[in-house]
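To start, the structure itself, in C-alpha cells.
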Amino acid sequence: MITPDAAWSIVLSHARPLESISISLTEASGYCLAEDVRADRSLPPADRSAMDGYAVRHDDLQRRPCILRIIGEVAAGSFQRPRVKAGTCVRILTGANIPPGADTVVMVEQTQEHTGLVTIRSSVQSGSNILRQGEDARKGSLLLRRGTRMDTAQVGVCAAVGKATLRVHRLPGVTILCTGSELRSAHDRVQAHEIRNSNGPALCAALADEGLVGTKFISVADRRRTLVATLRRALRCYDVVLCTGGVSAGTYDFVSDAVEAAGATIRFHWLAMKPGKPTLYATAHKNRHIFGLPGNPLSALTAFHEFALPAIRRLAGHSAEACRTAWLLPLADTAESSGGRVRYELARLVNRPNGLAVVAVPSRSSADLVSAGHADGVIMLPPDQTRFAAGQLVAFRPWRPLP
Ligand code: AMP
Ligand code: MG
C-alpha cells in the first residue's frame, strides 16, 4: 500500500491542465488563466490626485497665511490642463490628473475657499496626495501569472488593463456514478434494507462550490455488465468519472474489474489511509480520469478531497502546488489516532482570541455522515504517532470554501 502523498504524486503525473479557450472577462470568474496578464499601460496612467482639494506649487505654501488665486478646476475625467503659476492653484477632485506646474495637493479639509481665492492654513509636505504614474504597475509588467484562478480582484485587475477577453483553461466535465443496489434517492420512500444516496448530492455540492455547477449523479446497481457499459459511456463524454462504492473486495464490488473492462488503466488501488483505504485511481485515453471512492460517506468525502478534487483543480489549470492546500494549525484540544496509517479525523475550525485552531470532531465510523455536518474539514494525523497534545501543529484540509 502506498501513502496518500505518493498516491497524489501519481495523480499529478497524469493530470494535465485541459486545453485553453477564449472567454469574455464577464464570464471568467472561477476559471484559471492560461496566459500571463500584463499591464497595457502604467497604473496609474498619469500623476493623479488622491484627494479632493487644490493642486498647488509647494513653494507657494511657505508664506503664512497662504492665499492663492483659483484659476480653474480639474475633475476626474476632465481633459483640462490649466497651468499652475506662482500665487495660483487649481481646484482638483479625486482621480483628476495633476495639472502642469503643480507638485502638491492640499486636502479640501485644510483650506477655506472664498470668492475665487483659497486660504491654506496647515503645512503640507511637498508631493502630498499625489498618486504617481506607474507606482502600482509599469507598462508591460506582469500582473497575473498563468494558473491564477480568476476571482473578484483578478477580474478587476484585467478590466483595469483592458483585458476584455482572456485565455483560460476549460473546466473539466465531471460525472458521478454511485454504485449500490441498496441506493434510493432523497425523494424516495425507503425501507429498512435501503439507503438514501447521500454521496451523489454531497459530491455535486462540493463541485458546485468549485464552479462546476450542474454536475449530475446517477445510481448504478451492483451488476458488472451494467457498470462496464455505464463507465464506457461516461468515459466518452466526461474528463473525470467519480465512482462511489463497490471498490473494496466484496462479492458485489465490481468497480476495479469494470474500470479495466472499460479500457482504463488502474494507477493505484488500496492506500495507507484511514478512512479511504480502498480508493482507486485509473486513467483512460486523452487525459481522462476515474476515481473509485469508497461507498461509506466519510471515506468517500475524504478520498474526494484528497485526490479527486485536487485533480479536478489541476485539470482546470491551477498550479500543481495550489490544487491541494492544507494549513498547519494548532490543536485546540488533545487528539488520538490508532497509528499505522495516516488518520483523517473530522475537524472544526475554532477562532480563539490568540488565533485560529482546529478541534477534532468525533465520529463513530466512516458511515457517520451526521458528524461531518459539524466539521469544516479533516486533520491529517501522521501514522507514527498516536497521541497529539493540545497546541501541536497538525495539517488541516478544508472541505468547504472558508470565509
Ligand atoms: P461499499 O463501498 O459499496 O461497500 O459501500 C460501503 C457502505 O457505504 C455501504 O453500507 C453502502 O450502503 C454505503 N454507501 C455506498 N454508496 C453510498 C451512497 N452513495 N450514499 C450513502 N451511502 C452509501
Ligand atoms: Mg456497495
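The values are calculated or read from the model by the stated rules, or taken from the named source; none is laboratory data. The structure presented is a predicted model; accordingly, all values stated were derived computationally and were not measured. Virtual Cβ from ideal backbone geometry, glycine too; neighbours counted across all protein chains shown. Accessible surface areas use protein heavy atoms only, side chains included; no ligands, DNA or RNA. Shrake-Rupley method; radii C 1.70, N 1.55, O 1.52, S 1.80 Å.
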Quiz prompt | Selection within the stretch 186-217 - open to solvent by 80 Å² or more (accessible area, probe 1.4 Å), within 17 Å of ASP239 (Cβ to Cβ) and among the aliphatic types (A, V, I, L, M) | solution = VAL213
Quiz prompt | Residue list for the stretch 36-66, filter: open to solvent by 80 Å² or more (accessible area, probe 1.4 Å) and of a type in the set (A, V, I, L, M) | solution = none
Quiz item: Do you know which of the residues in the stretch 163-184 that are of a type in the set (D, E, K, R) and away from ligand 2 (no atom under 16 Å from the Cβ) is farthest from SER299 (Cα to Cα)?
Solution: LYS163
Quiz prompt | Where a residue in the stretch 107-126 is among the hydroxyl-bearing types (Ser, Thr, Tyr) and its partner, wherever it lies, is open to solvent by 50 Å² or more (accessible area, probe 1.4 Å), with Cβ under 6 Å and at least six apart | solution = THR119/PRO65; THR119/ILE67; THR119/GLN112; SER122/GLN110
Quiz item: If only one of THR111, THR94, THR104 is under 30 Å from VAL37 (Cβ atoms) and surrounded by 15 or more Cβ atoms within 10 Å (Cβ to Cβ), which one is it?
Solution: THR94
Exercise. Check the stretch 243-254 and report whether any residue there is at pLDDT below 95 and charged (D, E, K, R).
Key: no
Exercise. For residues that are of a type outside the set (D, E, K, R) and within 16 Å of ligand 2 (Cβ to nearest atom), tally how many sit in the stretch 229-266.
Key: 18
Self-check item: Output for the stretch 18-69, where each listed residue is part of a strand (DSSP E or B) and under 18 Å from the mean Cα position of the chain (by Cα)
Solution: CYS32, LEU33
Quiz item: Does VAL247 count as in contact with a helix residue (DSSP H, G or I) (Cβ under 6 Å, 6 or more places away or on another chain), part of a loop (DSSP other than H, G, I, E, B) and open to solvent by less than 80 Å² (accessible area, probe 1.4 Å)?
Solution: yes
Practice problem: Scan PRO330, PRO362, PRO310, PRO383 and give me the residue that is at negative phi and assigned to a helix (DSSP H, G or I). | Solution: PRO310
Quiz item: Restricting the stretch 322-342 to residues that are under 17 Å from TRP399 (Cα atoms) and not aliphatic (A, V, I, L, M), which is farthest from ligand 1 (Cβ to nearest atom)?
Solution: TRP327
Exercise. Run down ALA390, ALA367 and say which single residue is open to solvent by 10 Å² or more (accessible area, probe 1.4 Å), within 23 Å of PRO201 (Cβ to Cβ), assigned to a loop (DSSP other than H, G, I, E, B) and among the aliphatic types (A, V, I, L, M).
Key: ALA367
Practice problem: Take the stretch 250-267 and flag every residue that is polar (S, T, N, Q) and either within 16 Å of ligand 1 (Cβ to nearest atom) or open to solvent by less than 40 Å² (accessible area, probe 1.4 Å) (or both). | Solution: THR251, SER256
Quiz item: Among (1) closer than 21 Å to CYS32 by Cβ; (2) free of Cβ contacts under 8 Å to residues at least 60 places away in the same chain; (3) not in a loop (DSSP other than H, G, I, E, B), where does VAL213 come up short?
Solution: (3)
Exercise. Restricting attention to the stretch 197-225, report how many residues are among the basic types (Lys, Arg) and within 14 Å of ligand 2 (Cβ to nearest atom).
Key: 2
Self-check item: Residues being of a type in the set (Gly, Ala, Ser) and open to solvent by less than 40 Å² (accessible area, probe 1.4 Å) - total across the stretch 320-334
Solution: 2
Practice problem: Six or more apart or on different chains, Cβ under 7 Å: which pairs go from a residue in the stretch 247-264 that's in contact (Cβ under 8 Å) with a residue 24 or more places away in the chain and under 24 Å from ARG236 (Cβ atoms) to one that's part of a loop (DSSP other than H, G, I, E, B) and open to solvent by 30 Å² or more (accessible area, probe 1.4 Å)? Could you list them? | Solution: VAL247/ASP253; PHE254/ASP222
Quiz item: Restricting the stretch 280-302 to residues that are of a type in the set (S, T, N, Q) and either crowded, with 24+ Cβ neighbours inside 10 Å or without any contact (Cβ under 8 Å) to a residue 24 or more places away in the chain (or both), which is farthest from ligand 2 (Cβ to nearest atom)?
Solution: THR302
